[in-house]
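The values are calculated or read from the model by the stated rules, or taken from the named source; none is laboratory data. As the structure is a prediction and not an experimental result, all values here were calculated from the model. Glycine gets a Cβ as well: all are built from the backbone with ideal geometry, and neighbour counts include every protein chain shown.
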Amino acid sequence: MNNTNPLEIMKSQFGFDTFRAGQLETIDILLAGRSAAAIFPTGSGKSLCYQLTALLLPGLTLVVSPLLALMKDQIDSLQAKDIKAERLDSSLTEEKYREVSNAIRGGHLKMLFVSPERLTNERFLNLIRGQSISLLAVDEAHCISAWGHNFRPDYLKLANAVDSLNVERVLALTATATPKVCKDMAEAFKIQPADVINTGLYRPNLEFRVSACHGHERDQLLVQRFKERPLGPAIVYVHLQKDAERVASLLVENGFNAAPYHAGLPTEQRTSTQESFMAGGISIICATIAFGMGVDKADIRYVYHYHLAKGFESYLQETGRAGRDGALAICELFACTDDCTTLENFVYGDTPDPASISSLLNELLDAGEEIDITARELSRAHDIRQLVVSTLLTHLELFGVIKFEGYYYSDIRFESHNPGAQILVQYSEKQAAFLKNIFACCRKARKWVTLDMDAAIERTGHSRAVVIRALENLQDKRHITLQMSGYRQRFRLIEPSVDRVELGQKLSTLFDQHEQLEIERIDSMVNYAQEGTCLTNRLLAYFGEPIPPCGHCGVCKGDDPVILPERDAPPIAPGILAKMEEIARENPDALSQSRQQARFLCGLNSPAVSAQRTLRANPLFASCSQIPFRELLSQLM
């Protein structure tokens, strides 16, 4: 592109006449060759910072995002502008994967969207190494911080990927970051303090309000709000999928155009619901937090939190979808302490039992110098959720106990479209000899040819990566169709003599601290709901941006301070604990530990319970879902 003027390119390619706050400053930092962080409110145009910069840089811009729907929407928009952008993810057909791969190798792409996990994928790393990556844009970058509200272990590895892939500059993007999280992001990606662009989170058109209620009062309150306020697009956020369905039905019965949205619905239904909402066909979406990420609808007039948000970060992100057109929008929280039980149980359900941590450590440390595992296998064997297993492995890396050596496919096979001799004659003598050695390590069935990778490495004298590249070259030339499966992780044991008891206690303490942090986030929402001073100030002060009284929130407009009723927690039914003891004896793998039993009674699924289908059908499962987890746990210990 000959034009190097950011404003002119913005006008010609994106159709905007002026930059929003922070955009040009961020772009200028990147064009100067430095890494930057952009902390902008939801809907403030963070994506333009890397999209425009990508057009001004010579190489590839790699965009890391945890949101598949967001990738699709952005790519469609970019391609409509004739900008060469693609994605690589598990939803692609093999033909499409090959097409995108060839475009990468040929240097024909400007932007490539991938998930954070993709940067530890063996096949992808082989593909991307050697490419000129001018910019790595990391969306939802707060996920890199254990102090953030959505910590993801694979984000910690992105900083290493920057070095190994020789990335020239990084752009970290987020809408919600406390000062501590900002510091973690900047340190991880080597961003100078002056290159952290924070435009502030205050939006004067958002009117924050709180209404205290008992759980049984919410339906009537929600219907009343829609009847007494002018019609306008709205999102109603709920905790559970069944609540999204029920609340949508409630509103339809009362004459409103509403639809549910949650991850349990078929993809086609979710897509059509979202598209209809965007086009104005549906006025109200009743949704779990599965809805909203990447949804850029400017005229949302109302965001109702039917249930308590799980923390300030979530609340700010979800309410930030309202009023992006600058016109007045109301964000109302229905505050009910009964919600704390559900939110707390989600948190407690993720914390692994010390005995499970200990058994997992023993398996890893007894595996020898080379550790070959999958998070799924460890999850099932030790009854720890898969994401928590990944977090635990990441901490062991940070402690220097193990070293991650990559993901790899344990099962590699291909379907040959041409006889071996016909393939080999198309290569040089040296290349043909190399391929012949690979073919000699294969076992042929009726259709598929299976490769013994260890034998191929030994016979050819080349690394695994070189062998895979050779197979991918055969596929690119349409000689074979390659299929790789059995995704596994490889670690090297660095500290075999580590004190296992001490290490187990250290990990348990870390998970307990994280649990406490999440519980404090919930408590902060309860305190916020009862705030007697400016609600906007209370929210922004959490992110290090206190403001004078806003003059337009409920409290500033004269609402009386809310006093929340005590949570309505029923007692543990007679005989429940005795029955739990009996079923635990019958299912020791799934229910021997007190925390396992508390999860079961609260209706919190676990890998061990999922493995035994009859357990979930037992009447005891979820029989105490309205009882605080801590209360149950104390009775079971």
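Does at least one position in segment 439-460 carry a residue that is in a loop (DSSP other than H, G, I, E, B), in contact with a His (Cβ under 7 Å, 6 or more places away or on another chain) and surrounded by fewer than 16 Cβ atoms within 10 Å (Cβ to Cβ)? Looking for residues that are in a loop (DSSP other than H, G, I, E, B), in contact with a His (Cβ under 7 Å, 6 or more places away or on another chain) and surrounded by fewer than 16 Cβ atoms within 10 Å (Cβ to Cβ), one finds none in segment 439-460, hence no.
Collect the residues in segment 50-72 that are in a helix (DSSP H, G or I), within 21 Å of the chain's Cα centre (by Cα) and buried (at least 17 other Cβ atoms within 10 Å of the Cβ), keeping them in residue-number order. If the condition is that a residue be in a helix (DSSP H, G or I), within 21 Å of the chain's Cα centre (by Cα) and buried (at least 17 other Cβ atoms within 10 Å of the Cβ), then 50, 69, 70, 71 are the ones that fit. The set of residues in segment 382-394 that are surrounded by fewer than 18 Cβ atoms within 10 Å (Cβ to Cβ) and either aliphatic (A, V, I, L, M) or under 20 Å from residue 500 (Cβ atoms) (or both) contains only 387.
Taking segment 113-181 as the region of interest, the helices (runs of 4 or more DSSP H) fully inside it that hold 2 or more residues being modelled with pLDDT under 90 and in contact with a Leu (Cβ under 7 Å, 6 or more places away or on another chain) are 122-128, 158-164.
Across segment 499-530, the qualifying residues are those that are under 21 Å from residue 146 (Cα atoms), among the hydroxyl-bearing types (Ser, Thr, Tyr) and out of contact with any Gly (no Cβ under 7 Å at 6 or more places or on another chain), and the one among them that is surrounded by the fewest Cβ atoms within 10 Å (Cβ to Cβ) is 509.
Scan 503, 510, 471 and give me the residue that is at pLDDT 90 or above, among the aliphatic types (A, V, I, L, M) and closer than 30 Å to residue 93 by Cβ. Walk me through it before giving the result.
Details: 503 fails: closer than 30 Å to residue 93 by Cβ; 510 fails: closer than 30 Å to residue 93 by Cβ.
Result: 471 is the single residue among 503, 510, 471 that is at pLDDT 90 or above, among the aliphatic types (A, V, I, L, M) and closer than 30 Å to residue 93 by Cβ.
In segment 131-153, the residues that are touching a residue at least 12 places away in the same chain (Cβ under 8 Å) and at positive phi reach residues that are buried (at least 20 other Cβ atoms within 10 Å of the Cβ) and not in a loop (DSSP other than H, G, I, E, B) with C-beta atoms within less than 7 angstrom, at least six apart or across chains, in these pairs: 140/174.
For segment 101-117, indicate whether the set of residues that are surrounded by fewer than 19 Cβ atoms within 10 Å (Cβ to Cβ) and aromatic (Phe, Trp, Tyr) is non-empty. No, segment 101-117 contains no residue that is surrounded by fewer than 19 Cβ atoms within 10 Å (Cβ to Cβ) and aromatic (Phe, Trp, Tyr).
Against the definition (surrounded by fewer than 17 Cβ atoms within 10 Å (Cβ to Cβ), out of contact with any strand residue (DSSP E or B) (no Cβ under 6 Å at 6 or more places or on another chain), among the hydroxyl-bearing types (Ser, Thr, Tyr) and in a helix (DSSP H, G or I)), how does residue 533 come out, yes or no? Criteria not met by residue 533.
Consider segment 209-233 and keep the residues that are surrounded by fewer than 18 Cβ atoms within 10 Å (Cβ to Cβ) and of a type in the set (S, T, N, Q). The one that is nearest to residue 284 (Cα to Cα) is 224.
Of all the residues that make up segment 145-197, how many are farther than 24 Å from residue 134 by Cβ and either among the charged types (D, E, K, R) or not assigned by TED's automatic domain parsing to the domain that holds residue 63 (or both)? Please lay out each step first, then the result.
The first filter runs over segment 145-197 and keeps only residues farther than 24 Å from residue 134 by Cβ, leaving 145-153, 175-184.
Narrowing further to those that are either among the charged types (D, E, K, R) or not assigned by TED's automatic domain parsing to the domain that holds residue 63 (or both): 152, 180, 183-184.
Within segment 145-197, residues that are farther than 24 Å from residue 134 by Cβ and either among the charged types (D, E, K, R) or not assigned by TED's automatic domain parsing to the domain that holds residue 63 (or both) number 4.
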